[in-house]
Amino acid sequence: MVTIKKALLSDLPVVLSIIQHGREKMMASGNLHQWGSTHPADEQIRNDIEKGNSYLVISDEKTPIATFAFIKGIDPTYLKIDGEGWLNNEPYGTIHRIASVPNARGVLSAVVEYCFQKVKNIRIDTHEDNIIMRNALKKLGFTYCGIIHLENGDPRLAFQKTLTTI
């Protein structure tokens with residue numbers, strides 16, 4: 001059983017190290033364009049921590065094995081969606097910048113379970129080439145809702161899962 005805690009600024013080196021593992025995992029799986037070698041920027045990770053939106057997933061052995069950002073409230077890049085559209089317009093939280101160390105298992109499931117303790121709607125997006133994430137989202141019951149565009153215009157596949165029928 002893992003535990004999840006908010007990351008502190010003192011955790012920044014650990015979070016950045018896990019993010020680097022995430023970049024390497026994406027590249028190795030053929031997802032060359034989602035993060036590349038420089039995204040997310042160190043400044044973005046620091047900002048997540050300072051705003052209280054950055055988390056660490058801690059193993060039974062008390063070792064950090066994953067990180068993610070969870071942001072409650074409106075995500076500006078989610079205001080416009082091409083395709084079927086969101087399942088509802090109720091308040092939601094968004095999972096961003098999730099990454100894990102090599103051989104970590106069940107991370108997304110633990111993160112989603114944790115986030116559902118905070119909100120009843122979760123939205124998440126990923127790159128078309130991120131087959132690992134797309135399969136994991138499907139397995140966890142997320143619904144594909146359409147395509148959103150990041151601030152820089154890059155398209156992302158958008159998903160949502162809700163615990164309630166609204």
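Readers should treat all values here as calculations from the given coordinates under stated rules, not as data from a laboratory. Keep in mind that this is a model prediction, so the values were computed, not measured. Cβ: placed from backbone, ideal geometry, glycine included. Neighbour counts: every protein chain shown.
Observations on the structure shown:
- Our estimate of slack between D75 and S17, defined as 0.36 nm per intervening residue step minus the Cα-Cα distance, is 18.3 nm.
- Projecting label points 7 angstrom from Cα along Cα→Cβ for D154 and M27 puts them 1.4 nm apart.
- Label reach from H39 (point 7 Å along Cα→C-beta): in the stretch 113-132, amide nitrogens under 11 Å belong to 126-128.
- The chain: relative contact order in percent, alpha carbon pairs under 8 Å with at least 6 residues between: 24 percent
- Each Lys and Arg Cβ is given +1 and each Asp and Glu Cβ -1; about its Cα centre, the chain then shows a dipole of about 460 debye.
- Fully extending the segment from I58 to E128 would add 22.3 nm, taking 0.36 nm per residue of separation and subtracting the current Cα-Cα distance.
- Long pairs among K6/K62; K62/K139; K80/K118, criterion Cα-Cα beyond 18 Å: K62/K139; K80/K118
- Legend: calculated FRET efficiency, L9 to Q117, from the Cβ-Cβ distance at R0 = 35 Å, rounded to 0.05, equals 0.90.
- Paramagnetic label reach from K51 (point 7 Å along Cα→Cβ; backbone nitrogen cut-off under 16 Å): within the stretch 1-26, residues 7-9.
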